[in-house]
Amino acid sequence: MRWKIALLCALVTAGVPAGSSSADVQTRALKRLEALIANMAETPTQHRALAGYYREQATEFRELAIAHRKLARRYESTDPPVSRRKVEHCDELAALDEEMAKKFEALARTHEIDANP
């Protein structure tokens, strides 16, 4: 099973050109992951592995949300205050991060269900 996860990780990140933006890398990685999942998650063990992967993604997005909220509060406390738009931008990103975390958690639950038919 470990070799399958290692292979999955290698395939997801393969072919990412140097200098790509973080968003580009993530988009490409997710597309590769979706293609692999369509052909991979057949056994309970594979579904549990994917559930773990999606839980990790949810955790990362929750951490990003916390960081964006902290940055917004920092912008608010500057003297003179930074433009309101920067604060709103960080708050909007935090809300999007939280929504992504919820979506990844939901996806993890579906794989947990599939792992325990």
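The values are calculated or read from the model by the stated rules, or taken from the named source; none is laboratory data. Small disclaimer: the values here were computed from a predicted structure and weren't measured. Neighbour counts run over all protein chains shown; Cβ positions are idealised from the backbone, glycine included.
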message: Please go through (1) under 20 Å from Leu33 (Cα atoms); (2) modelled with pLDDT under 95; (3) among the hydrophobic types (A, V, I, L, M, F, W, C) for Val82 and return the number of the only condition it doesn't satisfy.
response: (1)
statement: With the first residue restricted to the range 74-99 and required to be within 12 Å of Leu64 (Cα to Cα), and the second required to be surrounded by 14 or more Cβ atoms within 10 Å (Cβ to Cβ) and among the aliphatic types (A, V, I, L, M), Cβ contacts under 6 Å at 6 or more apart or on different chains are Cys90/Leu71; Cys90/Ala72; Asp91/Ala72; Ala94/Ala65; Asp97/Leu64; Asp97/Ala65; Glu98/Ala65
statement: Of (1) loosely packed, with under 14 Cβ neighbours inside 10 Å; (2) in a helix (DSSP H, G or I), His111 satisfies every one except (1)
- prompt: Assuming Ala106 fulfils every condition listed in (1) of a type in the set (A, V, I, L, M, F, W, C); (2) more than 30 Å from Ala41 (Cβ to Cβ); (3) out of contact with any helix residue (DSSP H, G or I) (no Cβ under 6 Å at 6 or more places or on another chain) apart from one, which condition is it?
  reply: (2)
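Each row is one residue, and each column tells you yes or no for (1) exposed (fewer than 13 other Cβ atoms within 10 Å of the Cβ); (2) at pLDDT below 75.
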position: Leu11; (1), (2): no, yes
position: Gly15; (1), (2): yes, yes
position: Glu34; (1), (2): yes, yes
position: Pro44; (1), (2): no, no
position: Ala58; (1), (2): no, no
position: Ala72; (1), (2): no, no
position: Glu76; (1), (2): no, no
